[in-house]
Amino acid sequence: MFDIGFWEILVIGVLALLVLGPERLPGAMRSTIKTVRSVRNMASGFKQEVEHQLRVHELHENLKKAEQKGLKDLSPELQQSVDELKSAASSVQEPYKKK
């Protein structure tokens, strides 16, 4: 991600110690680490959401192709998408079935 070596980190640490002092440096480091973690978590959540949306879009496109073929003589990829969508639909309907 960043191309920072040991010596650069050491210089930044010494400068931070001189500017902030030994009393405020630990708090500043904790705050910086907390901010970096939250940014990473946000980026990871965004990445997962984009991947999920791309998968949904792919399934939707495959369903359109399958419907155009009349759901017969489908390629293995299209058949797998249709089966996956059918299982998802049945799992959604499961709680609403009357006993």
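The values are calculated or read from the model by the stated rules, or taken from the named source; none is laboratory data. Small disclaimer: the values here were computed from a predicted structure and weren't measured. Reconstructed Cβ throughout: ideal geometry from the backbone, glycine too, with neighbour counts over all protein chains shown. Note: accessible area is taken over every heavy atom of the protein model, side chains too, but ligands, DNA and RNA are not part of it. Shrake-Rupley method; radii C 1.70, N 1.55, O 1.52, S 1.80 Å.
Go through the residues of the stretch 22-37 one by one and say whether even a single one is under 30 Å from residue 84 (Cα atoms), in contact (Cβ under 8 Å) with a residue 12 or more places away in the chain and part of a helix (DSSP H, G or I). Taking every residue of the stretch 22-37 in turn, none turns out to be under 30 Å from residue 84 (Cα atoms), in contact (Cβ under 8 Å) with a residue 12 or more places away in the chain and part of a helix (DSSP H, G or I). Return a yes/no flag: does the stretch 45-56 have any residue that is assigned to a loop (DSSP other than H, G, I, E, B) and either open to solvent by 70 Å² or more (accessible area, probe 1.4 Å) or of a type outside the set (Gly, Ala, Ser) (or both). No, every residue in the stretch 45-56 fails to be assigned to a loop (DSSP other than H, G, I, E, B) and either open to solvent by 70 Å² or more (accessible area, probe 1.4 Å) or of a type outside the set (Gly, Ala, Ser) (or both).
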